[in-house]
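Below is one structure, written out as structure tokens; the observations come after it.
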């Protein structure tokens with residue numbers, strides 16, 4: 001005689017990290033929303049299916065103003081997943097209120113000059129920053145994110161494609177899509193490409209659209225870096 005013993009299904013819980021943009025509305029709100037619309041028009045699909053955290057600490061809105069701002073952002077097709085900088089009780093239960101401000105949005109802290117000791121003299125956990133190489137072109141619709149350091153593309157980045165890195169981005173081909181370097185807060189990051197035709201550039205939150213790009217640099221090998229809060233593009237000799 002055999003007996004069948006019923007067993008409970010095994011439940012498995014795991015944690016994952018993902019890239020979420022943090023947008024920070026600033027007063028006057030109408031001008032900030034106009035700037036947001038400009039980005040969306042000039043780089044179609046930039047926010048498509050991308051999780052976004054809204055930091056409202058600079059606006060200091062009341063409860064009704066908070067709802068108005070969130071709704072204005074969502075009606076622009078932006079998928080808001082969390083809100084910070086306001087009373088958590090004001091937030092729709094469907095969203096995740098983040099209690100610790102901007103620090104809660106950071107995944108990795110980058111230590112400059114090879115010094116990996118923290119503020120208390122402790123060495124942080126995890127491996128040091130590393131580079132990643134993609135040895136084929138990045139096609140339209142693809143999005144590549146490297147949170148560990150520099151990203152190198154052996155090939156071109158097509159229009160409608162996107163490459164994002166915590167460090168610098170090196171493209172041994174044409175950059176026709178979007179490139180976002182220093183995405184985790186590295187103002188020293190750079191973007192280098194052999195042929196410059198980008199839809200959008202960003203370094204540490206500062207951005208430049210195709211319409212703002214000097215025409216004389218189109219098709220040239222360039223280096224992109226930050227000069228203060230402004231994007232600087234120079235041709236590589």
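The values are calculated or read from the model by the stated rules, or taken from the named source; none is laboratory data. These numbers come from a predicted model, not from an experiment. All Cβ positions, even for glycine, are placed from backbone atoms using ideal geometry, and neighbour counts span all protein chains on display.
Some observations on this one:
- Residues in segment 163-178 that are more than 16 Å from residue 131 (Cα to Cα) and either in the same structural domain as residue 48 (by TED's automatic domain parsing) or free of Cβ contacts under 8 Å to residues at least 40 places away in the same chain (or both): 173, 174, 175, 176, 177.
- Exactly one residue out of 22, 54 is modelled with pLDDT of 90 or more, in a strand (DSSP E or B) and within 22 Å of residue 183 (Cα to Cα): that is 54.
- Residue match in segment 215-236 (condition: surrounded by 16 or more Cβ atoms within 10 Å (Cβ to Cβ), assigned by TED's automatic domain parsing to the domain that holds residue 158 and either within 18 Å of residue 41 (Cβ to Cβ) or at pLDDT below 85 (or both)): no
- Residue 97 touching a helix residue (DSSP H, G or I) at 6+ places or on another chain (Cβ under 8 Å) and either modelled with pLDDT of 65 or more or not in a loop (DSSP other than H, G, I, E, B) (or both): yes
- Boolean, residue 157 is at pLDDT 95 or above, closer than 16 Å to residue 46 by Cβ and not assigned by TED's automatic domain parsing to the domain that holds residue 38: yes
- Failed item, numbered, when residue 235 is tested on (1) touching a helix residue (DSSP H, G or I) at 6+ places or on another chain (Cβ under 7 Å); (2) under 22 Å from residue 23 (Cβ atoms): (2)
- The number of residues in segment 182-214 being part of a strand (DSSP E or B) and at pLDDT below 95 comes to 8.
- When segment 172-208 is limited to residues that are touching a helix residue (DSSP H, G or I) at 6+ places or on another chain (Cβ under 8 Å) and buried (at least 19 other Cβ atoms within 10 Å of the Cβ), the one that is nearest to residue 36 (Cα to Cα) turns out to be 200.
- Test result for residue 216, free of Cβ contacts under 8 Å to residues at least 24 places away in the same chain and out of contact with any helix residue (DSSP H, G or I) (no Cβ under 7 Å at 6 or more places or on another chain): yes
- Entry remark, segment 57-83: residues being in a strand (DSSP E or B) and over 18 Å from residue 38 (Cα atoms) number 4 in total.
- Test: residue 123 is at pLDDT 90 or above and outside the structural domain of residue 63 (by TED's automatic domain parsing): no
- Selection of segment 128-181 for residues being in a strand (DSSP E or B) and more than 19 Å from residue 196 (Cα to Cα) yields 132, 133, 145, 146.
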